[in-house]
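Asks: Before I ask anything, here is the structure I am working with.
The values are calculated or read from the model by the stated rules, or taken from the named source; none is laboratory data. Computed from a predicted structure; not experimentally measured. Here the Cβ positions follow ideal geometry from the backbone for every residue, glycine too, while neighbour counts run over all protein chains shown. Ligands, DNA and RNA are excluded from the accessible area calculation, which covers all protein heavy atoms including side chains. Shrake-Rupley method; radii C 1.70, N 1.55, O 1.52, S 1.80 Å.
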Amino acid sequence: MTMTSFDLQLAFVLLVSCLSYSKSRIPTTLDGPFLPETRRFDPSLRRGSEDVPMEDPRLAKKVRSNFPEQIALAASFSSTSMWISWVTGDAVIGKNVKPLDPSSVGSEVWYGEESGKYTFVRNGKAVVYSQLYPFEGLLNYTSGIIHHVRLDGLKPGTRYYFKCGDTSLKAMSEEHSLKTFPSSHSEKFPHKIAVVGDLGLTSNSTATITHLARNDPSLILMVGDLTYANQYQTTGGKGVPCYSCAFPDVPIRETYQPRWDGWGRFMEPLTSKIPMMVIEGNHEIETQIGGMNFSSYQARFAVPAQESRSNSSFYYSFNAGGVHFIMLGAYVNYNQTGAQYAWLKEDLIKVDRVETPWVVASWHPPWYNSYSSHYQEFECMRQEMEGLLYHYRVDIVFSGHVHAYERMNRVYNYTLDSCGPVYITVGDGGNIEQIDVDHADDSGKCPSQNDNIPEIGGVCHINFSSGPAKGKFCWDQQPEWSAFRESSFGHGILEVINSTYALWTWHRNQDAYKESSRGDQIYIVRQPELCMPNLEKTYSNNESSNSNSLFKASVAGLMVNFMLPQLF
């Protein structure tokens, strides 16, 4: 017997009603919208910490010149391929620097399904970049040789063992392993997806990464602002939390590029076994002579731009099981007449929501943000793109930029909407600029409309035309679309349970050694029959009736919620 739409809705209501009696159960988005809640900054904690010095052993180079270091994995568009990147040679910083020859060291990956048996080999490409500042007293930089190799023809959900380097120079890495994602399927998902933003390399950052590693993710989303190398002068020295305050008279905003190399070495124990997908933030702009931007970001990271039919590494997409990930660029053209918008529309059209039910988007600066910091900074981007994401029913949006945590109720155009995405800000990785603690609705903390101007892009600040903030730039209280916010360092873990249920947990650094603790936790529930009625025929026409499958998946999610809340 096929379940009707009414049967499904009635079953949901009955199950949720029954489970509501369980006081310890984890809430779901079906319980919302929630009354806004704020957890103030704990004054017993430090708002920030200094950067780990370059002399720290974790940041030091540990191999000879031609041997691979800073090994990192990245997903390709599908589960049958994977990127492997690494660095060889020695970077140079000084007045006059000469780039290395990228062709002087080969880019090889040997791999196979058994440890020590490498039955396949792939070759890739190598690049070198420079960061140039021809000003008195400033130093220039040229990188080591950065290698990128794409493995293809892989089996989904399979463990592979590999070495990378150059066999002709007898300069190969130790053996590492990777596991491919499951194939696109409505019932196959990555184990755990870690989400972190604005990381940097402070003692708080290291606590975040240690905590994240203990949670054993199978994928990492790094939503911008990675190293904060641009909080330094080219001569190195000490990083600062406020660049313009510490260096008010510099001819150009400098960067200390060796911080990138130190960050790559620090991250290698994690990135050499877990794919990390990055998107650019404002701290990756790194303007140099001639107006060049993002040189380090573009050279150091392999992203599946070409595979996802993007013409830019600043925006791309990929699949991991039944989840389609979209990574958008906030610091390149996002207007509706531009290439990124056209690509995004085509990408969303192609997503098969039966095969790939979840769509998760990420970009660096949040559209919905109730903190004073970066308040309405990217309102232009929201006005250009939000309608498209809403039309195609993107489920979850992750951003950083604001150095705090905030989870929104489902929202569209500043209005509570049960079919809008769940927006989550996780710009709390632990960087040198410290945690944000002021809210735009706090007395005297509303920024002026001349504040929060983006480094790249336009300004579209608005006064609200309706609702509780009508006629005002800032709300007088925590906005109704802001469900929960807290100023603490941490990271998040997304666990997709089935085609309709995903468990989101925000982990605070101060809870790292406490059992069963979490800063925030909720089941995010998709409602395709409510929000995507055009898919109803597709569901009913599939063999074995996807309506019944949807019902079973929903019941399974609710039973997980009811029976196992103490495990999360």
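Asks: For segment 54-77, which positions are in contact with a Phe, Trp or Tyr (Cβ under 8 Å, 6 or more places away or on another chain) and not charged (D, E, K, R)?
Replies: LEU59, PRO68, GLN70, ILE71, ALA72, LEU73, ALA74, ALA75, SER76, PHE77, listed by residue number.
Asks: Let me ask something additional. Inspect all residues belonging to segment 288-295 and state whether any of them is under 17 Å from the mean Cα position of the chain (by Cα) and hydroxyl-bearing (Ser, Thr, Tyr).
Replies: Let us first name the residues in segment 288-295 that are under 17 Å from the mean Cα position of the chain (by Cα), namely none.
The answer is no, given that none of the residues of segment 288-295 is under 17 Å from the mean Cα position of the chain (by Cα) and hydroxyl-bearing (Ser, Thr, Tyr).
Asks: Across segment 360-378, what is the total count of residues that are among the small types (Gly, Ala, Ser), open to solvent by less than 10 Å² (accessible area, probe 1.4 Å) and assigned to a loop (DSSP other than H, G, I, E, B)? Let's see the steps before the verdict.
Replies: Applying the first criterion (among the small types (Gly, Ala, Ser)) to segment 360-378 yields 361-362, 370, 372-373.
Filter once more, keeping what is open to solvent by less than 10 Å² (accessible area, probe 1.4 Å): 361-362, 370.
Filter once more, keeping what is assigned to a loop (DSSP other than H, G, I, E, B): 370.
Of the residues in that region, 1 qualify.
Asks: Of the conditions (1) in a loop (DSSP other than H, G, I, E, B); (2) free of Cβ contacts under 8 Å to residues at least 24 places away in the same chain, SER183 fails just one. Which one is it?
Replies: Checking SER183 against (1) in a loop (DSSP other than H, G, I, E, B); (2) free of Cβ contacts under 8 Å to residues at least 24 places away in the same chain, the one that fails is (2).
Asks: Then there's this: When the residues of segment 3-55 are narrowed to those that are touching a helix residue (DSSP H, G or I) at 6+ places or on another chain (Cβ under 6 Å), modelled with pLDDT of 50 or more and polar (S, T, N, Q), which ends up surrounded by the fewest Cβ atoms within 10 Å (Cβ to Cβ)?
Replies: Checking each candidate, the answer is SER24.
Asks: Considering segment 468-493 alone, what residues qualify as being over 30 Å from HIS185 (Cα atoms) and not in a loop (DSSP other than H, G, I, E, B)?
Replies: So in segment 468-493, the residues over 30 Å from HIS185 (Cα atoms) come out as 468-490.
Across segment 468-493, the qualifying residues are PRO468, ALA469, SER482, ALA483, PHE484, ARG485, GLU486, GLY490.
Asks: Could you list, in sequence order, all residues of segment 262-279 that are within 15 Å of the chain's Cα centre (by Cα) and in a loop (DSSP other than H, G, I, E, B)?
Replies: The initial filter retains those residues of segment 262-279 that are within 15 Å of the chain's Cα centre (by Cα), namely 271, 274-279.
Those that are within 15 Å of the chain's Cα centre (by Cα) and in a loop (DSSP other than H, G, I, E, B): ILE274, PRO275, ILE279.
Asks: May I ask you to list the residues in segment 213-223 that are farther than 20 Å from VAL323 by Cβ and open to solvent by less than 10 Å² (accessible area, probe 1.4 Å)? Step through it out loud before you land on a result.
Replies: Residues of segment 213-223 farther than 20 Å from VAL323 by Cβ: 213-214.
Correct list: empty.
Asks: Take the conditions of a type outside the set (A, V, I, L, M) and touching a Leu at 6+ places or on another chain (Cβ under 6 Å) and apply them to GLN306. Does it pass? I'd like the intermediate steps shown before the answer.
Replies: Numbers: of a type outside the set (A, V, I, L, M): yes; touching a Leu at 6+ places or on another chain (Cβ under 6 Å): no.
No: the conditions fail for GLN306.
Asks: ILE71 passes all but one of (1) outside any strand (DSSP E or B); (2) open to solvent by less than 40 Å² (accessible area, probe 1.4 Å); which number fails?
Replies: (1)
Asks: What is the residue count in segment 199-227 for residues that are part of a loop (DSSP other than H, G, I, E, B) and either over 21 Å from VAL426 (Cβ atoms) or in contact with a Phe, Trp or Tyr (Cβ under 9 Å, 6 or more places away or on another chain) (or both)?
Replies: Let us first name the residues in segment 199-227 that are part of a loop (DSSP other than H, G, I, E, B), namely 199-201, 215-218, 223-227.
After this cut, where a residue has to be either over 21 Å from VAL426 (Cβ atoms) or in contact with a Phe, Trp or Tyr (Cβ under 9 Å, 6 or more places away or on another chain) (or both) as well, the list is 199-201, 218, 223-224, 226-227.
Summing the residues that are part of a loop (DSSP other than H, G, I, E, B) and either over 21 Å from VAL426 (Cβ atoms) or in contact with a Phe, Trp or Tyr (Cβ under 9 Å, 6 or more places away or on another chain) (or both) in segment 199-227 gives 8.
Asks: Keeping to segment 481-492, report how many residues are touching a helix residue (DSSP H, G or I) at 6+ places or on another chain (Cβ under 8 Å) and within 30 Å of ARG353 (Cβ to Cβ). Please lay out each step first, then the result.
Replies: Here is the first cut: in segment 481-492, the ones touching a helix residue (DSSP H, G or I) at 6+ places or on another chain (Cβ under 8 Å) are 488-491.
Narrowing the set further to residues that are within 30 Å of ARG353 (Cβ to Cβ) leaves 491.
Here the count works out to 1.
Asks: Of TYR129, TYR133, which residue is among the aromatic types (Phe, Trp, Tyr), under 20 Å from TRP260 (Cα atoms), in contact with a Leu (Cβ under 8 Å, 6 or more places away or on another chain) and at pLDDT 95 or above? Spell out how you get there, then give the answer.
Replies: Details: TYR129 fails: in contact with a Leu (Cβ under 8 Å, 6 or more places away or on another chain).
Of TYR129, TYR133, the one residue that is among the aromatic types (Phe, Trp, Tyr), under 20 Å from TRP260 (Cα atoms), in contact with a Leu (Cβ under 8 Å, 6 or more places away or on another chain) and at pLDDT 95 or above is TYR133.
Asks: With respect to the numbered conditions (1) open to solvent by 10 Å² or more (accessible area, probe 1.4 Å); (2) modelled with pLDDT under 70; (3) closer than 30 Å to VAL354 by Cα; (4) not aliphatic (A, V, I, L, M), which one is the sole condition not fulfilled by SER516?
Replies: Here SER516 meets the rest and fails (3).
Asks: Can you tell me which residue in segment 78-99 is surrounded by the fewest Cβ atoms within 10 Å (Cβ to Cβ), limited to those that are under 32 Å from the mean Cα position of the chain (by Cα) and in a loop (DSSP other than H, G, I, E, B)? I'd like the intermediate steps shown before the answer.
Replies: Here is the first cut: in segment 78-99, the residues under 32 Å from the mean Cα position of the chain (by Cα) are 78-93, 99.
Filter once more, so that each one left must be in a loop (DSSP other than H, G, I, E, B): 78-81, 89-91, 99.
Working: SER78: 20, SER79: 24, THR80: 16, SER81: 18, GLY89: 21, ASP90: 15, ALA91: 18, PRO99: 12.
Ranking the candidates gives PRO99 first.
Residue-wise test of (1) modelled with pLDDT under 95; (2) surrounded by fewer than 24 Cβ atoms within 10 Å (Cβ to Cβ).
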{"site": "GLU284", "(1), (2)": "no, no"}
{"site": "ILE289", "(1), (2)": "yes, yes"}
{"site": "PHE294", "(1), (2)": "no, yes"}
{"site": "TYR297", "(1), (2)": "no, no"}
{"site": "PHE301", "(1), (2)": "no, yes"}
{"site": "SER312", "(1), (2)": "no, yes"}
{"site": "HIS324", "(1), (2)": "no, no"}
{"site": "ALA330", "(1), (2)": "no, no"}
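Asks: Exactly one of (1) assigned to a helix (DSSP H, G or I); (2) touching a strand residue (DSSP E or B) at 6+ places or on another chain (Cβ under 7 Å) is unmet by MET381. Its number?
Replies: (2)
Asks: Let me ask something additional. Only residues that are touching a strand residue (DSSP E or B) at 6+ places or on another chain (Cβ under 6 Å) and either in a helix (DSSP H, G or I) or of a type in the set (Lys, Arg) (or both): list them for segment 384-395, please.
Replies: Taking segment 384-395 and keeping what is touching a strand residue (DSSP E or B) at 6+ places or on another chain (Cβ under 6 Å), we get 390, 394-395.
Within segment 384-395, TYR390 is the sole residue that qualifies.
Asks: Would you check if there is a residue in segment 248-262 being farther than 30 Å from GLY94 by Cα, in contact (Cβ under 8 Å) with a residue 12 or more places away in the chain, of a type in the set (Lys, Arg) and out of contact with any strand residue (DSSP E or B) (no Cβ under 8 Å at 6 or more places or on another chain)? Break it down stepwise before answering.
Replies: If we filter segment 248-262 for residues that are farther than 30 Å from GLY94 by Cα, which is where we start, we get none.
Scanning segment 248-262 turns up no residue that is farther than 30 Å from GLY94 by Cα, in contact (Cβ under 8 Å) with a residue 12 or more places away in the chain, of a type in the set (Lys, Arg) and out of contact with any strand residue (DSSP E or B) (no Cβ under 8 Å at 6 or more places or on another chain).
Asks: Give just the number: which of (1) farther than 21 Å from GLY458 by Cβ; (2) assigned to a helix (DSSP H, G or I); (3) not small (Gly, Ala, Ser) does VAL354 not satisfy?
Replies: Answer for VAL354: the failing condition is (2).
Asks: Out of segment 28-67, which residues are of a type in the set (Lys, Arg), more than 30 Å from ARG259 (Cβ to Cβ) and in a loop (DSSP other than H, G, I, E, B)?
Replies: Across segment 28-67, the qualifying residue is only ARG40.
Asks: If you take the residues of segment 332-359 that are open to solvent by less than 50 Å² (accessible area, probe 1.4 Å) and hydrophobic (A, V, I, L, M, F, W, C), which of them is nearest to the chain's Cα centre (by Cα)? Write out each step before concluding.
Replies: Pass one, segment 332-359, residues open to solvent by less than 50 Å² (accessible area, probe 1.4 Å): 332, 334, 338, 340-341, 343-344, 347-348, 351, 353-354, 356-359.
If we keep only those that are hydrophobic (A, V, I, L, M, F, W, C) too, we end up with 332, 343-344, 348, 351, 354, 358-359.
Numbers: VAL332: 17, TRP343: 20, LEU344: 17, LEU348: 19, VAL351: 20, VAL354: 24, TRP358: 16, VAL359: 14 Å.
If we take residues in segment 332-359 being open to solvent by less than 50 Å² (accessible area, probe 1.4 Å) and hydrophobic (A, V, I, L, M, F, W, C), then VAL359 is nearest to the chain's Cα centre (by Cα).
Asks: Just to be sure before I move on: is SER465 modelled with pLDDT under 95, assigned to a loop (DSSP other than H, G, I, E, B), small (Gly, Ala, Ser) and open to solvent by 70 Å² or more (accessible area, probe 1.4 Å) in the structure I sent?
Replies: So SER465 passes the test.
Asks: Within segment 161-180, take every residue that is in a strand (DSSP E or B) and open to solvent by less than 10 Å² (accessible area, probe 1.4 Å) and give me the one that is nearest to PHE77 (Cα to Cα).
Replies: The initial filter retains those residues of segment 161-180 that are in a strand (DSSP E or B), namely 161-166, 171-172, 176-179.
Now restrict to residues that are open to solvent by less than 10 Å² (accessible area, probe 1.4 Å): 162, 164-166, 171, 178.
On the way: PHE162: 20, CYS164: 21, GLY165: 24, ASP166: 26, ALA171: 30, LEU178: 16 Å.
Among them, the one singled out is LEU178.
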